[in-house]
Amino acid sequence: MRRSLSSFVLVSLFAVGVVNAGELPPRRRAPQPRRTKSLFIDVPALPDLPTVQASDILVGMQKAEELFYFFGIKNAATFKSKLASDILPLITTTTEILDTATQPLTMVNLAFSNTGLLSLGVHDDLGDFNFVQGQFADVHNQTFLIGDNPSTWEAPFAGTQIHGVFILASDTLANINTELANIQSILGASIVEIESLQGAARPGDEKGHEHFGFMDGISQPAVNGFTNPILPGQTPVDPGTFLVGETGDPNLDSRPAWAKDGSFLVFRKLQQLVPEFNQFLTDHPLDVPSLTPAEGSELLGARMVGRWKSGAPIFLSPTHDDPVLANDKNRNNNFTYVIADALPDPGTENHFNQTNCPFGAHIRKVHPRGDLDPIVENSHFIIRSSIPYGPEVTNAEAAANTTSVDRGLAFVSYQADIFNGFMFLQNIWINSVGFPFGKVDPTIGVDPIIGTLGGGPKNISGLDPAVFDLDQTDVSHDVVIPRDFVISRGGEYFFSPSLAGLSFIATA
Ligand code: N7H
């Protein structure tokens, strides 16, 4: 039986209020009046409802203002005691965040790195080797290269000194600053700030668009049994793809009990060179007879991403942007890359044909809908909860086609297993020249938006729709992207525990 999201919200509300009542301090924003008996039947055959308490996980990329406050722990005993007494009541639950009436002024979430958990005396094996090493190790790890150049990493992220991150979100920065001051005064000298990154939705009509100008956050997986309605084209996957200890968690049997319903959070500070990206598009318009050079540039950007700036998928609208399609939730994600071709081999045409969408377009690389066996395809979903950081491009930067002010994407993904989620996408799909495997062209190229070959030029096939499909195998038809327009400035892996998990940590 599928339960609606509102049902899920209600049930998790009871889980917070009743099931954990003995373990947790009183909630600051307890809803009134409260039920004494659940509205739902309790049937063993039905899956457990997750008591999802880290509210950021299911919310996605919709915040107006957000602050990532990275800290080190200086005094574990004081930190744990304040966590139990004053910080836990501030943590915002999914229950609260999804209903405006119960939303706090500022959403507060808290997650820890492996060194953070160790410094608090939590030595349990969470069953995730990437988490244990920390992200900086993966920059050097030859087996699991995430493609970063260590020299581009900013000092605060280079190492394992970040113990935790507070994620604060609100509609105003003033609210965030007030809550941050409150948290700092509660925790005092038990923590030290290592780095802060302020994110915000872009202004005016750019709201929801990332800095290159593309609408972001359209396609998110549905959480099986809980997301309602499931929109056309949304793939329902088990909650354990994102939540530790739930059905579908690849390491279900080896997780410590307190970790249940937490999620691994991958944070990446991804700088975007917007004037340089724009100049590249201007200088390389696709030569399509019916299009002006400006439209040809627009088309090149759309084919690199797989969607137009409005969010309309190029597979459904290959030659022109379609804002009506983009704004229609029932159509804007409802497609696969399978081309219905003639019997006896239906579906094989999508291994030859890049007319509508290049094999290597960003969204095809990270979600190769119908290009792979669904079992493989569906085990690598992440929930993205990123936000742009940094100001708009200045006139001086636009005139010089050169970035002088830092801006980009504060990338956040949630998954129950970092290797299956972020790492698989980054290492095996985004940065593999041959992916999606099995196509007529074995050298498709890395992801044109975020793939890297060490910062140098990248050959991408299929970007020019004027080239006959089978000729795309000839590298002389590739579009050469001279440099990376997205540069990693660092990041870290965190574990974002449920309220019960935070309560355990406070007393560990
Ligand atoms: Fe991507 N972009 O503006 O080009 N991304 N991304 N991403 N991304 C998506 O469907 C972008 C990054 C995914 O289901 C859209 O939401 C930029 C990383 C996934 O069809 C756009 C950066 C990773 C999807 C962008 C960046 C991913 C996705 C289309 C970095 C994973 C869903 C809008 C600065 C490791 C694909 C949408 C699907 C979509 C952009 C980073 C993954 C416009 C600029 C690092 C899974």
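The values are calculated or read from the model by the stated rules, or taken from the named source; none is laboratory data. Keep in mind the model is a prediction, meaning the values are calculated, not measured. Using ideal geometry, Cβ is built from the backbone for each residue, glycine included, and neighbour counts are taken over all protein chains shown. For accessibility, only protein heavy atoms count, side chains too; no ligands or nucleic acids. Shrake-Rupley method; radii C 1.70, N 1.55, O 1.52, S 1.80 Å.
Worth a mention:
- Taken over region 288-298, the criterion of being open to solvent by less than 90 Å² (accessible area, probe 1.4 Å) and either small (Gly, Ala, Ser) or more than 15 Å from the ligand (Cβ to nearest atom) (or both) is satisfied by 288, 291, 292, 294, 295, 296, 297.
- Residue in region 334-342 that is in a loop (DSSP other than H, G, I, E, B), at pLDDT below 95, within 16 Å of the ligand (Cβ to nearest atom) and hydrophobic (A, V, I, L, M, F, W, C) present: yes
Per-residue answers, yes or no, for (1) touching a helix residue (DSSP H, G or I) at 6+ places or on another chain (Cβ under 8 Å); (2) part of a helix (DSSP H, G or I); (3) crowded, with 20+ Cβ neighbours inside 10 Å:
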position: 70; (1), (2), (3): no, no, yes
position: 110; (1), (2), (3): yes, no, yes
position: 121; (1), (2), (3): yes, no, no
position: 126; (1), (2), (3): yes, no, yes
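- In the set (1) at pLDDT below 95; (2) open to solvent by 40 Å² or more (accessible area, probe 1.4 Å), the condition left unmet by residue 370 is number (2).
- Residue ID - farthest from residue 406 (Cα to Cα), chosen from residues in region 205-239 that are away from the ligand (no atom under 13 Å from the Cβ) and crowded, with 18+ Cβ neighbours inside 10 Å: 225
- Some residue of region 378-398 being near the ligand (Cβ under 10 Å from one of its atoms), modelled with pLDDT under 95 and of a type in the set (Val, Ile, Thr): yes
- Members of region 351-377 found to be within 27 Å of the chain's Cα centre (by Cα) and of a type in the set (S, T, N, Q), listed by number: 354, 356
- With respect to the conditions (1) at pLDDT below 95; (2) surrounded by 24 or more Cβ atoms within 10 Å (Cβ to Cβ), residue 491 lacks only one, and its number is (1).
- Single unsatisfied condition, residue 334 versus (1) open to solvent by less than 20 Å² (accessible area, probe 1.4 Å); (2) in contact (Cβ under 8 Å) with a residue 24 or more places away in the chain; (3) out of contact with any helix residue (DSSP H, G or I) (no Cβ under 6 Å at 6 or more places or on another chain): (1)
- Residue in region 453-488 that is surrounded by the fewest Cβ atoms within 10 Å (Cβ to Cβ), counting only those that are modelled with pLDDT of 95 or more and charged (D, E, K, R): 483
- Test: residue 303 is closer than 21 Å to residue 481 by Cβ, more than 10 Å from the ligand (Cβ to nearest atom) and not in a loop (DSSP other than H, G, I, E, B): yes
- Index of the failed condition, residue 297 passing every other in (1) within 28 Å of the chain's Cα centre (by Cα); (2) in a loop (DSSP other than H, G, I, E, B): (2)
- All helices (runs of 4 or more DSSP H) inside region 354-470 with 1 or more residues being of a type outside the set (A, V, I, L, M) and more than 30 Å from residue 243 (Cα to Cα): 395-400
- Filter result (open to solvent by less than 10 Å² (accessible area, probe 1.4 Å), farther than 26 Å from residue 409 by Cβ and hydrophobic (A, V, I, L, M, F, W, C)) within region 240-287: 259
- Residue 357, sole failed condition from (1) within 11 Å of the ligand (Cβ to nearest atom); (2) closer than 27 Å to residue 490 by Cβ: (2)
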